[in-house]
Amino acid sequence: MSFYDGPKVIHWVRDPFWGALNHLGYHGMRLLPAAIASGLGRQLGIAAGRYRFKNLTAICDRNLQRIRPDFSPAQRAGVIEKMWQHLGRTIAETSVIDRLWDSAGINVVNEAAVLGLLRAKRPIVFVFPHLGNWELMAIAVQRLGATLNVVFEVLRNRFERSLAERSRRRLGYRLISPDRSGIRDAGRWREARVLRSPR
């Protein structure tokens with residue numbers, strides 16, 4: 001392990017450095033239209049894959065060689081670049097997530113299945129797979145009338161974690177951390193009225 005990868009250096013130098021950049025980018029992108037912020041995130045994602053996360057890009061390439069041995073190096077590089085584009089967009093859209101729904105022209109399909117359960121005041125467990133921008137699925141069910149209690153991954157970088165939590169609270173989520181505190185919160189909210197009537 002190099003000095004740069006030591007726990008004290010990570011906590012006091014690397015995390016604050018990247019945290020400051022992320023905070024600057026987050027608040028800067030909030031000034032932009034959602035579509036422009038998303039497009040900028042696409043370009044930043046490509047740059048991150050090429051320069052900041054070279055090791056992850058190399059791991060992806062090795063995995064693709066195993067999964068798709070028929071792919072040429074150029075095809076593998078194209079798939080990996082699309083992955084970084086998607087991740088860049090998703091992270092950038094976090095800053096404008098409260099405006100993204102209205103600007104994206106999204107249609108909800110088969111909402112009757114959810115509305116029926118909401119009218120019956122039955123609790124629902126939603127599983128949001130990480131396809132596209134997964135936060136939009138949460139917005140969709142909230143707009144149908146559900147109050148979401150969301151179990152979330154705790155990001156290691158405390159500065160990145162604060163941005164993610166701020167963005168999600170702006171949407172009205174109740175955040176449940178994956179620890180004892182989160183279990184207590186889930187039990188307390190279970191006794192409360194967690195669903196409201198559909199609009």
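How big is the charge dipole of the chain about its Cα centre, in debye rounded to the nearest 20, if each Lys and Arg gets +1 on its Cβ and each Asp and Glu gets -1 on its Cβ?
About 480 debye.
For the range 25-34, just list the computed ³J(HN,Hα) in residue order, Karplus coefficients 6.51, -1.76 and 1.60, θ = phi - 60°, integers in Hz, with x standing in for Gly and Pro.
So the J values, rounded to whole Hz, are x, 4, 6, x, 5, 5, 7, 9, x, 4.
Output wanted: per-residue J couplings in Hz (rounded whole) for the range 135-152, from phi through Karplus 6.51 cos²θ - 1.76 cosθ + 1.60, θ = phi - 60°, x for Gly and Pro.
For the range 135-152, the Karplus curve yields 5, 5, 5, 5, 4, 4, 6, 5, 6, 7, x, 8, 9, 8, 10, 10, 7, 10 Hz.
Among residues other than residue 38 whose Cβ falls under 15 Å from its Cβ, what is the net charge (Lys/Arg +1, Asp/Glu -1)?
Result for the local shell: +1.
May I ask you to list the lysines whose Cα is less than 19 Å away from that of residue 82, ignoring any residue fewer than eight positions away on the same chain?
Hits, sequence-local ones excluded: 54.
Long-range amide H contacts for residue 30: which residues qualify at under 5 Å (H placed 1.01 Å from N, peptide plane, sequence gap of 5 or more or a different chain)?
none
Taking K and R as +1 and D and E as -1, what net charge do the other residues with C-beta under 15 Å from the C-beta of residue 17 add up to?
It works out to a net charge of +2.
Ratio of Rg to Rh for the range 101-157, alpha carbon only, Kirkwood?
Ratio value, two decimals: 1.00.
So what's the net charge close to residue 77: Lys and Arg +1, Asp and Glu -1, counting the other residues with Cβ under 11 Å from its Cβ?
+1
For the range 1-103, compute Rh as the Kirkwood radius over C-alpha pairs and then the Stokes-Einstein diffusion coefficient at 37 °C and 0.692 mPa s; write the answer in µm²/s, rounded to an integer. Working shown, then result.
On the way: Rh = 15.4 Å.
Result for D is 213 µm²/s.
Which listed residue (41, 101, 187) has the Cα farthest towards the positive end of the charge dipole for the chain, taking +1 on Lys and Arg C-beta and -1 on Asp and Glu C-beta about the Cα centre?
Toward the positive end, the furthest listed residue is 187.
Which cross-chain or sequence-distant (5 or more) residues have an amide H under 5 Å from the amide H of residue 150, H modelled 1.01 Å from N in plane?
Correct list: 174, 175, 176.
Out of the total accessible area of the chain (probe 1.4 Å, heavy atoms of protein only), what percent is carbon and sulfur?
On the way: 7770 of 12900 Å².
Result for the chain: 60 percent of the exposed heavy-atom area is carbon or sulfur.
What does the accessible area per residue of the range 1-58 come to in Å², with a 1.4 Å probe and no ligands, DNA or RNA counted?
67
If you take the Cα Rg of the range 41-90 and divide it by 2.2 N^0.38 Å, with N the number of residues, what do you get?
Cα-based Rg divided by the globular estimate yields 1.09.
Based solely on its DSSP helices, what 222 nm [θ] is calculated for the chain when runs of n ≥ 4 H residues each add -39,500 (n - 2.57) and the sum is averaged over all residues, nearest 500 deg cm²/dmol? Numbers along the way, then the final one.
Numbers: 9 runs with 114 residues, N = 199.
Rounded to the nearest 500, the figure is -18000 deg cm²/dmol.
Could you give each residue of the range 92-97 its phi-based ³J(HN,Hα) in whole Hz, using Karplus coefficients 6.51, -1.76, 1.60 with θ = phi - 60°, and x for Gly or Pro?
3J(HN,Hα) across the range 92-97, in whole Hz: 5, 5, 4, 6, 10, 4.
What percent do you get for the relative contact order of the chain when only Cα pairs under 8 Å and 6+ apart count? Intermediate values should be presented prior to the final figure.
Working: 184 pairs, mean separation 48.0, N = 199.
With pairs under 8 Å counted, the relative contact order is 24 percent.
Please work out the Kirkwood hydrodynamic radius for the chain, using every pair of different C-alpha atoms, and report it in angstroms with one decimal place.
For the chain, inverting the mean 1/r across all distinct Cα pairs yields 19.3 Å.
The values are calculated or read from the model by the stated rules, or taken from the named source; none is laboratory data. These numbers come from a predicted model, not from an experiment. Counting neighbours? That spans all protein chains shown, and the Cβs are built from the backbone with ideal geometry, glycine included. These area figures cover heavy atoms from the full protein model, side chains too; ligands, DNA and RNA do not enter into them. Shrake-Rupley method; radii C 1.70, N 1.55, O 1.52, S 1.80 Å.
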